[in-house]
Amino acid sequence: VTESSSIRATFSVPYDYEVLFTRDVLDAENPTLREALAPGARVLPVLDAGLVEHHPGLADAFVAYAAAHRERIDLAAHPLVLPGGEAVKEDPRHVGTVLEAIEEHAIDRHAYVVAIGGGAFLDAVGFAATIAHRGVRMIRLPSTVLAQNDAGIGVKNGINAFAKKNFVGAFAPPAAVINDAELLTTLSDRDWRAGTSEAVKVALLRDAAFFAELEDLAYPITQRDPEAMGRLIHRCAELHLQHIAGAGDPFELGSARPLDFGHWAAHKLEKLSGHGLRHGEAVAIGIALDTTYALLAGILGEEDWRRAIGLLESLGFELTAPELDDPALLDGLVEFREHLGGELTITVIDAIGSQLDVHEINPRLMRATVSALRGAIGARV
Ligand SMILES: NC(=O)c1ccc[n+]([C@@H]2O[C@H](COP(=O)([O-])OP(=O)(O)OC[C@H]3O[C@@H](n4cnc5c(N)ncnc54)[C@H](O)[C@@H]3O)[C@@H](O)[C@H]2O)c1
Ligand SMILES: [Zn+2]
């Protein structure tokens, strides 16, 4: 008989970072970025090409900012520009390009990658920064609504593989996040709107007062009012960070993903549409679907259902898509479970501001939900 024994290692790693709000982050007079960096830091800037198209002076502005603060910032290279949008997560070669730049320009674990771009871009560049030297520092400057209120402020990085969203990735908190409101002015109406669905999501799950506020903010937001959008982004980001920092499972070791309301369908719809649907647009449909499912399952009352659908519509979202009829839609449930592991856990709402986990989705009822949602939307127009 062999003797067995063990040695235990128990530890936790503290994380602490800030999401800073500012305007014109690359104005030489603006100290936000300089102060977010350790003194003398070496910096590799990486820019989203879709953003640069609308801000052609961005690379030069970065170089000028670094020159104005040369006592603090050691610019390692001229900014690297890479494609943005889902394309950057679909082709792993872009991660390779960032890794090459990190190697070539000697970005070590005390140096920074500073990435400016949309959620997809930050996910991919963040993944490269996370795996280079097992993690170099990263500062994110999100440039879309969705990135400023959700994708760019959290702890997840990754790219797509095997026709699955975020199949390859890692948890790694940023050194800091800087939300520059000015960057959002050049968004298309589609991208301006898309990120608002994540705010509706957290409001429905956790904050009835914020939901009511969003009902008032919806019209000014459709008129591109920056203050109304600023409020939506700030509260949405706050609710996401409270969850990450305060709910006890920042790296999603459990089987639940409580902030992923509507996301099992959203991720599948994005794929089925060949990424014709933006993440935020797919999330709006996913929320409408699971809200309607909750209504039909007798979990949610009709008045709250009406308000939820009404808010998404007044923000301008299309709440149905041809992909809802694809028999493969329900595979999204299996894939969602597999991504997390453990028991299937789908978050729904039983009232505005109140979430509930269910562990079973009835496929027949879900198919009936698609027709009911279509009927309900059709009845309004
Ligand atoms: N890591 C996370 O926790 C997390 C959370 C939610 C979503 N996501 C991911 O985020 C991605 C969606 O991000 P998104 O909604 O920001 O879209 P996106 O990154 O696809 O960007 C949309 C488009 O806007 C362009 N763009 C970026 N900034 C611009 C600007 N200021 N002006 C004009 N154009 C600009 C981009 O080049 C792109 O073409 C998805 O891949 C999703 O899976 C990640
Ligand atoms: Zn999302």
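Of the residues making up the range 259-287, just one is in a loop (DSSP other than H, G, I, E, B), buried (at least 18 other Cβ atoms within 10 Å of the Cβ), away from ligand 2 (no atom under 12 Å from the Cβ) and not aliphatic (A, V, I, L, M), namely His275.
When the range 166-212 is examined, which residues are found to be surrounded by 24 or more Cβ atoms within 10 Å (Cβ to Cβ), under 17 Å from Ala282 (Cα atoms) and near ligand 1 (Cβ under 8 Å from one of its atoms)? Passing the criteria: Ala194, Gly195, Glu198.
Please return the ranges of helices (runs of 4 or more DSSP H) entirely within the range 1-96 where 2 or more residues are farther than 24 Å from Ile153 by Cα and not charged (D, E, K, R).
58-68
Please verify whether Leu241 is touching a helix residue (DSSP H, G or I) at 6+ places or on another chain (Cβ under 9 Å), outside any loop (DSSP other than H, G, I, E, B) and more than 16 Å from Asn166 (Cβ to Cβ), treating the condition exactly as stated. No; evaluated as a whole, the condition is false for this residue.
Scanning the range 312-328 for residues that are farther than 15 Å from Leu373 by Cα and either surrounded by 21 or more Cβ atoms within 10 Å (Cβ to Cβ) or touching a strand residue (DSSP E or B) at 6+ places or on another chain (Cβ under 8 Å) (or both) yields a total of 1.
Mind checking which pairs have a first residue in the range 140-168 that is in contact (Cβ under 8 Å) with a residue 24 or more places away in the chain and part of a strand (DSSP E or B) and a second that is within 14 Å of ligand 2 (Cβ to nearest atom) and β-branched (Val, Ile, Thr), Cβ under 8 Å, 6 or more apart or different chains? Short answer, once both residue conditions are applied: Arg140/Ile153; Pro142/Ile153. Among the residues of the range 209-246, the ones that are within 23 Å of Ala351 (Cα to Cα), over 19 Å from the mean Cα position of the chain (by Cα) and small (Gly, Ala, Ser) come to 3 in all. Any residue in the range 108-127 that is touching a residue at least 24 places away in the same chain (Cβ under 8 Å) sitting within a Cβ distance under 8 Å of a residue that is near ligand 1 (Cβ under 6 Å from one of its atoms) and among the aromatic types (Phe, Trp, Tyr)? List the pairs, counting only those 6 or more apart or interchain. Short answer, once both residue conditions are applied: Ala115/Phe121. Looking only at the range 97-130, which residues are within 15 Å of ligand 1 (Cβ to nearest atom), outside any strand (DSSP E or B) and of a type in the set (A, V, I, L, M, F, W, C)? Scanning the range 97-130 gives Ala120, Phe121, Leu122, Ala124, Val125, Phe127, Ala128, Ala129. With respect to Ala9, determine if the residue is small (Gly, Ala, Ser), surrounded by fewer than 14 Cβ atoms within 10 Å (Cβ to Cβ) and over 21 Å from Gly195 (Cβ atoms). In short, yes. Taking every residue in the range 80-101 that is within 19 Å of Ser143 (Cβ to Cβ) and pairing it with any residue that is assigned to a loop (DSSP other than H, G, I, E, B), at least 6 positions away or on another chain, the pairs with Cβ-Cβ distances below 6 Å are Gly84/Gly118; Glu86/His275.
For (1) buried (at least 17 other Cβ atoms within 10 Å of the Cβ); (2) free of Cβ contacts under 8 Å to residues at least 60 places away in the same chain; (3) not hydroxyl-bearing (Ser, Thr, Tyr), each residue gets a yes or a no:
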| site | (1), (2), (3) |
| --- | --- |
| His339 | yes, no, yes |
| Glu360 | no, yes, yes |
| Thr369 | yes, no, no |
| Ala372 | no, no, yes |
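Are any residues in the range 160-174 more than 30 Å from Pro14 (Cβ to Cβ) and among the aliphatic types (A, V, I, L, M), and if so, which ones? Those that are more than 30 Å from Pro14 (Cβ to Cβ) and among the aliphatic types (A, V, I, L, M): Ala161, Ala163. With respect to the conditions (1) more than 16 Å from ligand 2 (Cβ to nearest atom); (2) touching a residue at least 12 places away in the same chain (Cβ under 8 Å), Leu241 falls short on a single one, namely (1).
Of the helices (runs of 4 or more DSSP H) lying entirely inside the range 172-234, those containing at least 1 residues that are within 16 Å of ligand 2 (Cβ to nearest atom) span 189-194, 196-206.
Residues in the range 169-203 that are of a type in the set (D, E, K, R) and closer than 24 Å to Glu90 by Cβ: Arg190, Asp191, Arg193, Glu198.
All of the numbers you see were taken from the coordinates with simple rules; none came from a lab. This is a predicted model, so every value here is computed, not measured. Neighbour counts are summed over all protein chains in view; Cβ atoms, including those assigned to glycine, are modelled from backbone coordinates with ideal geometry.
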